[in-house]
Amino acid sequence: MVSDSAVILVLRDAERASSKPLLLRKLLFSPAAAWLRRNLQRAGVARFFVVAEPDLLEETAACFPEDAEVCSALDGALEARLIAFAAESQGKVVTVTRPVFLNGDACRELTEEEFITPAGDPMGVYRVEAEDLTQGGIDGLVGSEYYSPYQEEGVALLEREDGLQLAKMMANGENLRRLLQNGVEMLDTGSVYLDPDVEVGAGTLLLPGTMLRGHTVIGEDCEIGPNSMIRDCVLGDSCVASNSHLTGATFGSRVNIGPFAYVRPGTHVGDGCKVGDFTELKNASLGAGTKIPHLIYVGDADVGERCNFGCGSITCNYDGNEKLHTTVGNDCFIGCNTNLVAPCTVEDGAYTAAGTTLTDLAPKDSLVLSRLRPTVKEGWAAAHRAKKNP
C-alpha cells in the first residue's frame, strides 16, 4: 500500500534564524515546498500535516492543498493535532524533517510499501509507522527508514551549498521530461521554464522563452511563445500566444493572442477570439468570435459575440475616483479611436464611427458619430511657415 500521508517541517535553520526557511526559497518561480508537495502528490500522497514558523503560516499554506493541516510550531495543541492526523493515516507516513528536494522517482520509491534503507548518514526523510506517530508525537517523526543524500539520485539536500542550484536544475528538467512524455513538443528545452503545477496538452509546441507559472493549464495543439509569460491561466485547445504576458485569465479554444498582448486578471476570452498586438485586457469578458486586433484597451467591460474593435479604441473605465463598467452587445462595430466613457452601453448591432466619444448609449442597430465638421482654411499653412522665414 502506498503511503497516503506526509508530515513536513517548514522551519528556519538555527544558523539562518533571520532568513526564510530553506523550503520557502524559490526553485525557479515557486518555493521548494511547492515542488516537494507536487511530487509527493504524484506519488500518491493526499494528506499533508505541515508545521511552520508562526510568522510564515500564510506563505507556507500557499504551497500546500487547501485541505492541508498547517500548524504553528508554537501551537500548544500541536502534539495533539499531529497524533490525531496520524490516527487517520494508513500504514506508514512520509516525514520530512530537514529541507530537501525529491524528484518524482524518489517520491515514488519513498511512498512504496517495501523500502530498503540505504547506508549512509540520515537526511531527514523517513517513513514512520502511523502507530508510532500516535504514540510518539513530534518525537516519533524520526524513523529507522531514510534516504541518504549521497547515494540517492533525484535528491538534493537544500542545506548543502550546492543543494538549491541542483534542485532548480532537477525540478525544471523533471517537469520538461514529464511534458515531453505526454506528447508536448519543444524546440529548445533549455529555454522553457515551468512551475510544478503546470499542465500542457499533447501536440502543443512550447517555443523558446516560454515561462508557464502558477496553476496554468494549456490545452492540446497550441503554440506558446516565443517569449511568452503565462501565469495562473487556462487556455483551451488550438490557441496561439506569441510574445505576450497573460495573468489570471481564461481563454477558450482557437484564440489568437499577440504578439505583445497584455492580459490581466479577471479576464475571460471566448472561443475563436483575437487579442492582437499591443492590446491590453483587464477584468473583461469577450464573447466568442470577437476581434480586438491592435492598439486597444478594454477594461472593466462585458463585450458580446462577433464584435470588432478598431485600432486605437479604448474603454475609459476610470474617472479618477472609481472604476466604471462598459457593456457592448453582440455584433457591434467599434470604430477606430472610439472612446467608450464608462458607464456606457453599446447595444446589439450598433456601430460607432471612427473618432467617436460615447458617454451614454448607442441604441440597437444605430450608428453613433460625435465628430466636429472639419473647417478648411486655404493657405493657412503657407502663411504660418512664412512667419518663421520672413
How large, in percent, is the carbon and sulfur part of the accessible surface of the range 180-289 at a probe radius of 1.4 Å? 50
For CYS332, the net charge from surrounding residues (Cβ-Cβ under 13 Å; K, R +1; D, E -1) works out to -3
List the relative contact order of the range 123-246 as a percent without decimals, with contacts defined as Cα pairs under 8 Å and 6+ residues apart. 14
For the range 317-387, run through the GluC sites (Glu not before Pro) and keep only the ones in DSSP coil with at most 12 other Cβ atoms within 10 Å of their Cβ. GLU322, GLU378
Nearest 0.05, what FRET efficiency do ILE83 and GLU58 give at R0 = 30 Å with Cβ-Cβ as r? 0.75
Set the Förster distance to 30 Å, then compute FRET efficiency between GLN135 and ASP75 from the Cβ-Cβ distance, nearest 0.05. 0.90
So the label point goes 7 Å from the Cα of ALA381 along Cα→C-beta, right? Which residues of the range 336-365 then have their backbone N under 15 Å from it? none
Of LYS274/LYS377; LYS26/LYS274; LYS168/LYS282; LYS323/LYS364; LYS20/LYS282; LYS282/LYS364, which pairs sit farther than 30 Å apart, going by alpha carbon to alpha carbon? LYS274/LYS377; LYS26/LYS274; LYS168/LYS282; LYS20/LYS282
For the range 264-390, accessible area per residue (1.4 Å probe, heavy atoms of protein chains only), Å²: 54
Cα gyration tensor shape for the range 1-108, rounded if a/c is under 1.5, else prolate or oblate: oblate
Lys/Arg +1, Asp/Glu -1 at C-beta; the range 135-276 dipole; positive extreme among ILE218, CYS273, MET229: CYS273
What length, rounded to one decimal in nm, is gained on full extension from GLU220 through to VAL142, with 0.36 nm per residue of separation minus their alpha-carbon distance? 23.7 nm
Quick one: if you stick a label point 7 Å off each Cα along the C-beta vector at ARG264 and ALA202, how many nm between them? 4.0
Sequence gap at least 6, Cα distance under 8 Å: using those rules, report the relative contact order of the chain to the nearest whole percent. 7
Of all GluC sites (Glu not before Pro) in the range 28-85, which ones are in loop regions per DSSP and have a Cβ with at most 14 other Cβ atoms within 10 Å? GLU66
For the chain, size of Cβ-based charge dipole, Lys and Arg +1, Asp and Glu -1, in debye: 2540
Under-5 Å amide H pairs with PHE251, H placed in peptide plane, nonlocal only: VAL234, LEU235, GLY236, VAL269
Return an integer: the convex hull volume of the alpha-carbon atoms of the chain, in Å³ per residue. 219
Rounded if a/c is under 1.5, else prolate if a/b beats b/c, else oblate: with a ≥ b ≥ c from the C-alpha gyration tensor eigenvalues square-rooted, which is the range 196-257? rounded
Taking the chain and counting helices only, DSSP H stretches of n ≥ 4 at -39,500 (n - 2.57) each over all residues, the nearest-500 ellipticity at 222 nm comes to -5000 deg cm²/dmol
Electrostatic dipole magnitude of the range 176-317 [Cβ: Lys, Arg +1; Asp, Glu -1; Cα centre; debye, to 20]: 220
Got a sec? Which residues in the range 301-338 would a label at ASP277 touch, if it sits 7 Å along Cα→Cβ and we count backbone N under 14 Å? 311-312
State whether the range 52-95 is rounded, prolate or oblate according to the following rule on the C-alpha gyration tensor (a ≥ b ≥ c being the square roots of its eigenvalues): a/c under 1.5 gives rounded; otherwise a/b larger than b/c gives prolate, and the remaining case gives oblate. oblate
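The values are calculated or read from the model by the stated rules, or taken from the named source; none is laboratory data. What you are looking at is a predicted structure, and each value in this text was computed from that prediction instead of being measured. All Cβ positions, even for glycine, are placed from backbone atoms using ideal geometry, and neighbour counts span all protein chains on display. Just so you know, the surface numbers come from the protein's heavy atoms only, side chains and all, with ligands and any DNA or RNA stripped out. Shrake-Rupley method; radii C 1.70, N 1.55, O 1.52, S 1.80 Å.
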